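Structure first, then comments.
Derivation of every value follows stated rules applied to the coordinates shown; laboratory data play no part. Keep in mind that this is a model prediction, so the values were computed, not measured. In this analysis, Cβ positions are derived from the backbone assuming ideal geometry, glycine residues included, and neighbour counts consider all displayed protein chains.
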Amino acid sequence: MNYPIVIETGSETQAFGVIVPDLPGCFSAGDTFDEAVSGAAEAITLWIEDAIENGQNVPRPSSLDELRAGSGWRGPEWVWGFAAINPALFDDSAEQINITLPRRILARLDRRAKEENKTRSGMIARLALTA
C-alpha cells in the first residue's frame with residue numbers, strides 16, 4: 001500500500017521535510033532525501049497504529065492526481081512521492097500460532113492475564129503492542 005507524500009527539498013544546511021496529506025499531523029524529516037522518505041514510512045506506520053489503538057478511522061491513500069490538483073504544494077521546492085506501507089497494519093483477522101515458552105513464564109503470563117481480566121492471547125497481544 002502506498003501513501004502519497006510531499007517532500008520539501010532540503011540542502012546542505014536544511015533537512016528534507018515530508019508531509020502526508022491523507023493523515024493529518026503526520027510528517028517526517030531527514031538529512032537526505034532517502035532518510036526523509038524512510039522516516040515518512042515509519043511516521044505513517046506509527047500514525048496508523050495510534051489511530052487504530054484509539055478507535056479512529058484510518059483514511060485510505062488518496063489518488064496522487066487528486067492531491068496534486070487540489071494542493072498548495074506546487075513549485076520546485078516540493079516533490080511528490082510515495083511511502084510504502086505494509087497492508088497487514090489494517091488486518092485484524094485472528095491467526096492461530098503455536099509458541100513454546102517455559103512453564104514459569106506461562107505461569108507469570110497467566111497470572112497477569114487473570115489480574116487484568118484478559119485471556120492469555122489477549123495478554124500477549126497487549127504486551128506486544130506496548131513493547
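Some values worked out for this structure:
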read-out: Point-charge dipole on Cβ atoms (K/R +1, D/E -1) for region 13-131, about Cα centre, debye to 20; value: 900 debye
read-out: Residue of A88, A41, A51 that the Gaussian network model of the chain assigns the largest fluctuation, springs spanning Cα pairs under 10 Å; value: A88
read-out: Dipole axis of the chain (+1 Lys, Arg; -1 Asp, Glu on Cβ), positive-most option in F90, A113, Q56; value: A113
read-out: For region 51-62, 3J(HN,Hα) per residue [Karplus equation, 6.51 cos²θ - 1.76 cosθ + 1.60, θ = phi - 60°, Hz, x = Gly/Pro]; value: 4, 5, 4, 9, x, 8, 6, 10, x, 6, x, 7
read-out: Ascending count of other beta-carbon atoms within 10 Å, so fewest first, for I7, I99; value: I99, I7
read-out: Value of relative contact order over region 1-103, rounded to a whole percent, pairs C-alpha under 8 Å and six or more apart; value: 34 percent
read-out: Tilt relative to the chain, helix 120-130 - C-alpha long axis, 0 to 90 degrees, to 10; value: 30 degrees
read-out: Sequence-distant residues sharing a close amide H with A29 (under 5 Å, placed H); value: V18
read-out: Size of electric dipole in region 19-59: Cβ of Lys, Arg +1 and of Asp, Glu -1, about Cα centre, debye, nearest 20; value: 160 debye
read-out: Ratio of the Cα radius of gyration of region 2-90 to 2.2 N^0.38 Å, where N counts its residues; value: 1.07
